[in-house]
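In what follows, a single structure is set out as structure tokens and then discussed.
The values are calculated or read from the model by the stated rules, or taken from the named source; none is laboratory data. Bear in mind the structure is a predicted one, so any value in this text is a computation, not a measurement. Using ideal geometry, Cβ is built from the backbone for each residue, glycine included, and neighbour counts are taken over all protein chains shown. Just so you know, the surface numbers come from the protein's heavy atoms only, side chains and all, with ligands and any DNA or RNA stripped out. Shrake-Rupley method; radii C 1.70, N 1.55, O 1.52, S 1.80 Å.
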Amino acid sequence: MMKTIGQGAHMGKLSPFQVGELVVWRDEKGFGFIRPFAGDHDLFIHISAFKKGMSRRPQVGDIVHYRIETEADGRERLRHAAIEGVKYAMPHFGPVKVKPLERSPYVNGVIGLPFLLSTWLLWSVGNPVPLLMYVFISAITLFLYGLDKRSSITGHWRVPETYLHLFALFGGWPGALIAQREYRHKLRKPRFQVVFRAIIALHALIWLIAIAFAFSSRGMAQFMQ
């Protein structure tokens, strides 16, 4: 199936993007310059910034919708560029074909620990909520990581990092840890990893408090007998 980026009804969807004209394009080298409709200088654009699956190569005079992203080093780069009026292939929702990164015994232990503790909590006090939370939200998080990885490959809409962190916070971090290594995704983003590891540390702290409270309560009960 093919879709066309046009004017009118499609402009609302493209409102987060900026618009400009491709005034220079060196196809043999795969780069050129865009002159923004609202701007005072031309912007460099590489062929990798364009969405995958376009029906033709960029040409001088094309109207381009694009997003400017600021990287960690402060440099600006054009991303998610699409040529107005050009057809592009719809995203493919098949499996993500990426060679998984081998998980160490330590990582496997970290992944399995919350499920083990949740099972202990279910056995000791009959509370199934933590176990269900880890299982189902981890499955959803694993799916979202796969969707975001696929989108990063095809150049389509990405899953916001805030959503990935929220699902990890609500119990999906084991699934996120699996997905990061299965899809080789988000591992090279220091800021993302800092927040992600803080979420794991928060869950570890909550478990330590819960375990300490459980054993102190049992000790107090035995002392009172």
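A few remarks follow.
- Cβ-Cβ FRET estimate between ALA38 and ASP73, R0 fixed at 22 Å, reported to 0.05: 0.30
- Cβ-Cβ FRET estimate between TRP207 and SER152, R0 fixed at 35 Å, reported to 0.05: 0.60
- Summing charges over neighbours of GLN59, with a neighbour being any other residue whose Cβ is under 13 Å away from its Cβ, gives -1 when K and R count +1 and D and E count -1.
- A cut-off under 9 angstrom between Cβ atoms defines the neighbours of ARG35, and their net charge, with Lys, Arg +1 and Asp, Glu -1, is -2.
- Count Lys and Arg as plus one, Asp and Glu as minus one, and take only other residues whose Cβ is under 11 Å from that of ALA179; the net charge is then +2.
- Rolling a 1.4 Å probe over the protein heavy atoms of segment 105-219, with every protein chain left in place, gives an accessible area that is 76 percent carbon and sulfur.
- The convex hull of the Cα atoms of segment 18-83, projected and averaged over all directions, covers 4.4 nm².
- As a calculated quantity, the FRET efficiency between LEU116 and GLU161 at R0 = 35 Å, using C-beta atoms, amounts to about 0.75.
- Charged-residue dipole, Cβ positions (Lys, Arg, Asp, Glu), segment 105-219 about Cα centre, Debye nearest 20: 400
- When TYR106, TYR134 are compared by accessible surface with a 1.4 Å probe, the order from highest to lowest is TYR106, TYR134.
- Placing pseudo-labels 7 Å out from each Cα toward the beta carbon at PHE192 and VAL135 gives an inter-label distance of 2.9 nm.
- At the residue level, ILE63 shows approximately 50 square angstrom of accessible surface with a 1.4 angstrom probe and all protein chains present.
- Cα-based Kirkwood hydrodynamic radius, segment 105-219, one decimal, Å: 15.0
- With DNA, RNA and ligands ignored, accessible area of GLU28 (1.4 Å probe; Å², nearest 10): 150
- Cross-link pairs exceeding 26 Å in C-alpha to C-alpha distance, out of LYS29/LYS87; LYS29/LYS186; LYS87/LYS186; LYS29/LYS51; LYS52/LYS99, comprise LYS29/LYS186; LYS87/LYS186.
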